[in-house]
Amino acid sequence: MEQILLDRTSRAILRELQRDSRQTVQELAAKVSLSSSPCWRRVKELETAGVVRRYTALVEREKVGLAACVLAQVSLQRQTENVATQFEQAMQACPDVIECYSLTGDADYLIKVVVPDVKAYDAFLHRVMFKIKGIGNLRSMVVLREVKYETALPV
């Protein structure tokens, strides 16, 4: 993936957009010391270059009934392209899985699952994970509390 070189102003724009992407171009421009038109052009350039992928709302999971957060380490029986592809497609298709990382080390994948409670996680295991061919080991860790959760990158 090609790295985009960013100057100080572009980095400031990205920090501000990560903090509040709903602010107007005029508000953003004032915070990064630009006039509106150049600021708007810079934002469009960042979007076109793929630096800004999308805009979204952060939802407080517990307030919408998703109190349980579980991290699971998954090891495949065989590390073949077909098995890995099938596993990754299953993770992509499952809305309960909100993050999935391919790893080095003891496990092949780390997934983050959010569900209403531990009983719902058990149902997720039976509905999704136990039906995926090729999983050799699955180790679940229930999150007791989130010490730090950030979505903003340190640009």
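Data overview
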| quantity | calculated |
| --- | --- |
| Longest DSSP-loop-exposure-free segment, GluC sites (Glu not before Pro), the chain, at most 14 other Cβ within 10 Å | 61-145 |
| Mean projection area, nm², convex hull over Cα of the stretch 22-67 | 4.3 nm² |
| Efficiency of FRET between T9 and L58 - r from beta-carbon atoms, R0 25 angstrom, step 0.05 | 0.50 |
| Ellipsoid equivalent to the stretch 8-48 - semi-axes via the Cα gyration tensor, in Å | 12, 12, 10 |
| Rounded to 10°, Cα long-axis angle of helix 8-19 versus longest principal axis of the chain | 50 degrees |
| Value in Å of the Kirkwood radius, where the chain supplies the Cα pairs that are averaged | 18.4 Å |
| Percent of Cα-Cα distances greater than 15 Å, calculated over the stretch 77-116 | 43 percent |
| Trypsin sites (Lys or Arg not before Pro) within the stretch 40-75: DSSP coil, no more than 11 neighbouring Cβ in 10 Å | R53, R54 |
| Over the chain: helical MRE at 222 nm, DSSP H runs n ≥ 4 each giving -39500 (n - 2.57), nearest 500 | -10500 deg cm²/dmol |
| Longest to shortest principal axis, alpha-carbon extents of the stretch 40-131, angstrom | 49, 38, 22 |
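Every read-out reported here was derived from the displayed coordinates using simple, explicitly stated rules and does not represent laboratory data. If you're wondering where the values come from, they're calculated on a predicted model, not measured in any experiment. Neighbour counts run over all protein chains shown; Cβ positions are idealised from the backbone, glycine included.
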